[in-house]
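The values are calculated or read from the model by the stated rules, or taken from the named source; none is laboratory data. Because the structure is a prediction, the values reported are computed rather than measured. Cβ coordinates were reconstructed from backbone atoms using ideal geometry, including for glycine residues, and neighbour counts include every protein chain displayed.
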């Protein structure tokens, strides 16, 4: 096979000519001139176009799948927010109504006691009205604080968790001493990149809860530590208090959820903790085998800058 114009083969021109010699009869030769470069080029173009189309389809499928996943996540988040808003509306209307009913009732008693000049009961009426007013004020303040989380956040910074935990314990020193609680803080707590004031609120609520629900333990203790699990650092606050039945492990993080209606507090603390941790992209949960078995509250915060 002899090329008449071999340079054309490398130029990408549409035509290249070559000859093939055939022996038709003895001693006779004929030459056939063929055009092949055009066909070869067109084939290459076709294959290239097919490859480009396949790549475009792959990209489109990936983009569409990504959009579908984002859409599903958005719908789930929207449904979660709507459900949370419904619970919020119900619980707020219910829990704010309670102190209002108390105030209204004792205003009626106060009116009667003033009319009958029952000075021995007037002071009691005033005290109950004042208690209900303070409770409502606390509820409103904590609700306002809860609503701000996710919208207003302090500049994240590197937080020394050992130092922050010790500062929190100093704030809670009165309750800890009152109940004679031994507190152990691991010296290996990690550095976290987080909103420091909000993280302090998380520690304060969890440690305070541990102290509050210690029950009748003769040797009460609280441990603050960390461990590695599935490439994540888990921070835990463990106690040997009254424990929590498994059926309530999720419920306690709801707004105004109190397993003991007679206990102090508004029931907003753990909802606040959950909102703060989730705003940081983390997760919070509780582990407890049941009543009398103590509790371990755990949370994770992605350590990214």
Being over 15 Å from residue 300 (Cα atoms) and touching a strand residue (DSSP E or B) at 6+ places or on another chain (Cβ under 6 Å) is the filter here, so list the residues in the stretch 219-237 that pass it. 221, 222, 223
Unmet criterion (only one of (1) in contact (Cβ under 8 Å) with a residue 24 or more places away in the chain; (2) closer than 15 Å to residue 282 by Cβ) for residue 210: (2)
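Hey, any hits in the stretch 134-150 for a residue that's at pLDDT below 90 and assigned to a loop (DSSP other than H, G, I, E, B)?
Yes, the stretch 134-150 contains at least one residue that is at pLDDT below 90 and assigned to a loop (DSSP other than H, G, I, E, B).
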